[in-house]
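Heads up: the structure comes next, in structure tokens.
Only the coordinates and a few stated rules stand behind these numbers; no lab work does. As the structure is a prediction and not an experimental result, all values here were calculated from the model. Counting neighbours? That spans all protein chains shown, and the Cβs are built from the backbone with ideal geometry, glycine included.
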Amino acid sequence: AHSYTKYNTWDTIQSWIETISSSNADMVSQEVIGKTYEGRPMTVLKIGKKSSSTKPAIFMDCGFHAREWISPAFCQWFVKEALSTYGSDPAMTSLLNQMDVFVLPVFNIDGYEYSHKSDRMWRKTRSKRSGTSCIGADPNRNFNAGWCTVGASSNPCSDTYCGSAPESEIEAKNLADFIRRNKSVIMAYLTVHSYSQLLLFPYSYTYQLAADHAELLKVAKGASAALSSLYGTQYTSGPGAATIYPAAGGSDDWAYDLGVKYAYTFELRDTGRYGFLLPESQIQPTCEETMLAVKYIAAHVQNNL
Ligand code: 0X9
Ligand code: ZN
Ligand code: ZN
């Protein structure tokens with residue numbers, strides 16, 4: 001059965017998507033943005049008060065990397081929290097009245113499933129290619145942002161394989177197509193990973209500072225402070241290249257260069273004690289503190305529409 005404090009399997013998440021949509025039909029709509037390599041539907045949930053005019057939006061995805069299980073857990077938590085606090089929490093109410101939040105609960109569904117069934121430490125997609133028995137590409141090296149120039153491998157057997165071309169992975173193409181299609185309304189792009197307790201923003205494919213560096217840093221610092229106010233969890237924020245490592249082909253850099261100014265990558269708990277194997281007992285505190293950071297960013301975006 002589905003639980004917000006457990007790591008749910010894809011089947012459970014898929015039925016949760018149906019249930020949460022039908023029981024909140026006034027606030028939630030679904031769009032299948034395409035299928036994964038193995039044919040699973042990638043469903044984006046649009047959360048917000050229905051409106052006759054088109055609303056500006058925030059896009060958030062989880063589950064890029066298969067083994068980062070806390071990430072899909074956060075997207076599920078976010079949807080629950082958004083729906084259950086709309087109407088009582090003034091910030092959430094105002095946000096969802098004025099904006100929509102697009103949530104893709106699991107981006108790399110095939111990999112997520114594989115990490116449950118076969119290899120807990122799987123990272124990549126599950127696509128096959130000719131000439132090698134190695135499977136998958138790193139979806140966060142597969143976007144068209146300095147593609148495969150740094151911090152990525154052209155070896156299909158590597159965990160950071162950039163793929164045969166930008167958007168060679170169907171999941172990356174589906175997401176990029178959705179964002180291109182909705183470019184005029186998407187004001188922020190949030191992508192949730194683990195672990196290291198970082199809040200990163202462009203660039204990662206170069207050490208050059210983003211044109212909006214000062215604002216991105218200020219908002220990241222504010223969001224990190226909001227996050228730590230709950231349990232004292234410390235986050236470091238900064239541009240990806242200088243803060244974690246240079247790595248090209250990421251979705252954050254790609255979205256930013258497309259024109260989505262507020263492009264952030266979260267690296268959730270912890271700093272390495274459990275790493276990707278974060279105990280289920282930490283799902284609730286991790287999600288509650290991360291909500292504060294996401295809401296901080298959302299409020300800033302809302303104030304700058
Ligand atoms: O390497 C990554 O893709 C991310 N770290 S992880 O441990 N979750 O794999 C960091 C992504 C930072 N952004 C870019 N490299 N564009
Ligand atoms: Zn990751
Ligand atoms: Zn809560």
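Got the relative contact order for the stretch 1-159 handy, in percent, Cα pairs under 8 Å and 6 or more residues apart? Present the calculation step by step, with values, prior to reporting the outcome.
Details: 253 pairs, mean separation 35.7, N = 159.
Once divided by the residue count of the stretch 1-159, the mean separation gives 22 percent.
On a C-alpha basis, how far is the centre of the stretch 127-187 from the centre of the stretch 245-283 in Å? Whole number, if you could?
16
Do any cysteines of the chain lack a neighbour Cys whose Cβ is under 4.7 Å away, and which are they?
Cysteines of the chain left without a disulfide-compatible partner: C287.
How big is the charge dipole of the stretch 1-108 about its Cα centre, in debye rounded to the nearest 20, if each Lys and Arg gets +1 on its Cβ and each Asp and Glu gets -1 on its Cβ?
On the way: 9 positive and 10 negative charges, 14 e Å.
So the magnitude is around 60 debye.
Tally the DSSP beta bridges in the chain and give the antiparallel ones as a percent, rounded to 5.
On the way: 13 of 36 bridges.
If I count the DSSP bridges inside the chain, around 35 percent turn out antiparallel.
Extent of the stretch 38-138 along each principal axis, from alpha carbon coordinates, in Å, largest to smallest?
53, 25, 17
Karplus couplings for the stretch 274-281 from phi (6.51 cos²θ - 1.76 cosθ + 1.60, θ = phi - 60°), rounded to Hz, Gly and Pro as x?
9, x, 5, 8, 4, x, 4, 4
When only C-alpha pairs under 8 Å and at least 6 residues apart count, what is the relative contact order of the stretch 1-93, in percent?
Numbers: 75 pairs, mean separation 21.1, N = 93.
RCO, the stretch 1-93: 23 percent.
For the chain, how big is Rg over Rh, using alpha carbon atoms and the Kirkwood form of Rh?
Working: Rg = 17.8 Å, Rh = 19.1 Å.
In the chain, Rg relative to Rh is 0.93.
Given +1 on the Cβ of Lys and Arg, -1 on the Cβ of Asp and Glu, and no further charges, what dipole in debye does the chain carry about its Cα centre, rounded to the nearest 20?
Working: 27 positive and 29 negative charges, 40 e Å.
That gives a dipole near 200 debye.
Hey, got the dipole for the stretch 133-186? About the Cα centre, +1 on K and R Cβ, -1 on D and E Cβ, debye to the nearest 20?
That gives a dipole near 260 debye.
List the aspartates and glutamates whose alpha-carbon lies under 14 Å from that of K124, not counting same-chain residues fewer than 8 positions away?
Qualifying aspartates and glutamates at Cα under 14 Å: E38, E68, D110, E113, D138, D159, E167, E169, E171.
Helix-only estimate, please: 222 nm mean residue ellipticity of the chain, summing -39500 (n - 2.57) across DSSP H runs of length 4 or more and dividing by its residues, to the nearest 500.
Details: 9 runs with 111 residues, N = 305.
After summing the helix terms and dividing by residue count, I get -11500 deg cm²/dmol.
Amide H of F201: which non-local residues (sequence gap of 5 or more, or other chain) have their own amide H closer than 5 Å, using H built in the peptide plane?
Hits under the 5 Å cutoff: G238, G240, T265.
What list of ³J(HN,Hα) couplings, whole Hz, do you get for the stretch 167-179 from phi and the Karplus terms 6.51, -1.76, 1.60, once you set θ to phi - 60° and write x for glycine and proline?
Going residue by residue, I get 6, 5, 7, 4, 5, 5, 5, 4, 5, 4, 4, 4, 5 Hz, with x marking Gly and Pro.
Any chance you could check the Cα centroid distance between the stretch 190-241 and the stretch 67-111 for me, in angstrom?
19
Give me H193, H116 ranked fewest to most by other Cβ atoms within 10 Å of their Cβ, as a rough exposure proxy. Show your work: numbers first, answer last.
Details: H193 23, H116 18.
With the fewest neighbours first, H193, H116 line up as H116, H193.
Among the listed pairs K80/K261; K6/K183; K6/K261, which have their C-alpha atoms separated by more than 30 angstrom in this model? Display every interim value, and only then the final one.
Working: K80/K261 27 Å; K6/K183 34 Å; K6/K261 33 Å.
In this structure, K6/K183; K6/K261 exceed 30 Å between Cα atoms.
Counting other C-beta atoms within 10 Å, and keeping those with at most 14, which DSSP coil trypsin sites (Lys or Arg not before Pro) do you find in the stretch 206-305? Provide the component values of the computation, followed by the final result.
Working: sites: K218, K221, K261, R269, R273, K295; in loops: K261, R269, R273.
Those that pass, being in a loop and sparsely packed, are R273.
Looking at the stretch 196-305, which chymotrypsin sites (Phe, Trp or Tyr not before Pro) are in a loop (DSSP not H, G, I, E or B) and have at most 15 other Cβ atoms within 10 Å?
On the way: sites: Y203, Y205, Y207, Y231, Y235, W254, Y256, Y262, Y264, F266, Y274, F276, Y296; in loops: Y203, Y205, Y207, Y235, Y274.
Here the sparse-neighbourhood loop sites are Y207, Y274.
Give, in nm to one decimal, the length gained when the segment between S130 and S229 is fully stretched (0.36 nm per residue of separation minus the Cα-Cα distance).
On the way: separation 99, 0.36 × 99 = 35.64 nm, distance 5.05 nm.
Stretched out fully, the S130 to S229 stretch lengthens by 30.6 nm.
How high is the relative contact order of the chain, given as a whole-number percent (alpha carbon pairs under 8 Å, six or more residues apart)? Could you put the intermediate results ahead of the total?
On the way: 657 pairs, mean separation 62.4, N = 305.
With pairs under 8 Å counted, the relative contact order is 20 percent.
Give me the extension gain from S53 to S29: residue separation times 0.36 nm, minus the current Cα-Cα distance, reported in nm with one decimal.
Values: separation 24, 0.36 × 24 = 8.64 nm, distance 1.56 nm.
Difference between extended and current length: 7.1 nm.
Estimate the FRET efficiency between S164 and R40 by the formula 1/(1 + (r/R0)^6), using the beta-carbon distance for r and 22 Å for R0, to the nearest 0.05.
For R0 = 22 Å, the calculated efficiency reads 0.55.
If the chain between S153 and A1 were fully stretched, how many nm would it gain, using 0.36 nm times the residue separation less the Cα-Cα distance? Intermediate results must be reported in sequence, preceding the final value.
Numbers: separation 152, 0.36 × 152 = 54.72 nm, distance 3.90 nm.
The span from S153 to A1 would gain 50.8 nm if fully extended.
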